[in-house]
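First the structure, in the form of C-alpha cells, and then the observations on it.
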Amino acid sequence: MARRKGLTFYQKKKKLDSRIIKDIFEMVTGSLAAVFLAFVIVFSVGMRTSIIGDSMERTLFNGQEILVNRVIYKLSTPKRGDVIVFLPNGNQNSHLYVKRVVGLPGETVQIRDGSVYIDGVFLEEPEEFDKMIDAGIAENELTLAVDEFFVLGDNRNSSEDSRSGNIGGVKKDNIIGKAWFHMSAEEESMGLIE
C-alpha cells in the first residue's frame, strides 16, 4: 500500500444527531401550529374589511384595511369612543360603515355651535375633531332608544353618519363588530385602533 507523503487529514463522517432533528421538527411543527391557530382565531372571531372614503381620516384612511372583532359586542356593549363597523339600518346591500360611538342608549344628543352635547352637557373631545358645520337631524335634541348608538366620523365635515336622516341612530343588531386593528400597505405598519 502506498503511503502518502506530507500531512494527512482524517475525515470523519458527520452523523446527524437525533436530538437536533427532533428539535428542528418540534420548532417547525410549533410554528405551523401557531400560524394555523392565528388564522382560525382571525377568521372565526374577526373579519377583514376596507375603509371607504375619508370620513375617518386622521385615524383611518380611504382604502386602508382593518380587522373587525365580531365577538366582542356579543359579550359586551359598545362604549363611547369605540370605532364600530355597521350596516346602516341593517341594509345588506350597503357597504360597511366605520364610525366612532359618541352617544349611548337612552342619552339625548344634540349638536350646537358645531359641538356635541350629551344630556345637555358639552362633550369633551380631542381637538383634532373639527367643529361641525352641519348638525343635520341632531340640530334638535335626539333621544336614543335603549338599543341605539349615535355615531360620527372623525373627519366630521366629510362624514355621512348619525346626523343623516337615512342613517340616524345605529341599532345594536346592525353593528357587525369593533374595528380592532388597522393595516396599511403604504406605510407597512399595523396597529390597534383607538
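A few notes on this one:
- Virtual spin-label span in nm between residue 22 and residue 73, 7 Å along Cα→Cβ: 5.1
- Residue 141 sits among other residues whose Cβ lies under 15 Å from its own Cβ, and their net charge, with Lys and Arg +1 and Asp and Glu -1, is -3.
- Inverse of mean 1/r across different Cα pairs in region 100-157, Kirkwood, Å: 11.4
- Heavy-atom accessible surface of region 70-142: percent carbon and sulfur, 1.4 Å: 48
- Residue 117 accessible area, 1.4 Å probe, all protein chains in place, Å² to nearest 10: 40
- Each residue of region 128-134 was assigned a 3J(HN,Hα) from its phi angle through the Karplus curve 6.51 cos²θ - 1.76 cosθ + 1.60 (θ = phi - 60°); the sequence is 5, 7, 5, 5, 7, 6, 10 Hz, with glycine and proline shown as x.
- Per residue, the accessible area of region 51-168 comes to 49 Å², computed with a 1.4 Å probe over protein heavy atoms only.
- Given their separation in residues at 0.36 nm each and the Cα-Cα distance between them, residue 65 and residue 139 gain 23.3 nm when the chain is fully extended.
- Taking a straight line from the alpha carbon of residue 172, these aspartates and glutamates sit under 14 Å away, with near neighbours fewer than eight places off in the same chain left out: 82, 147, 148.
- Extension gain, residue 158 back to residue 108 (0.36 nm per residue minus Cα-Cα distance, nm): 15.7 nm
- Using R0 = 35 Å, the C-beta based FRET efficiency linking residue 91 and residue 29 works out to 0.15.
The values are calculated or read from the model by the stated rules, or taken from the named source; none is laboratory data. Remember, it's a predicted structure, so these values are computed and weren't measured experimentally. Quick reminder, even Gly has a Cβ in these numbers, built from the backbone with ideal geometry, and neighbours come from all protein chains shown. Areas reflect the complete protein model, heavy atoms only, side chains present, ligands, DNA and RNA absent. Shrake-Rupley method; radii C 1.70, N 1.55, O 1.52, S 1.80 Å.
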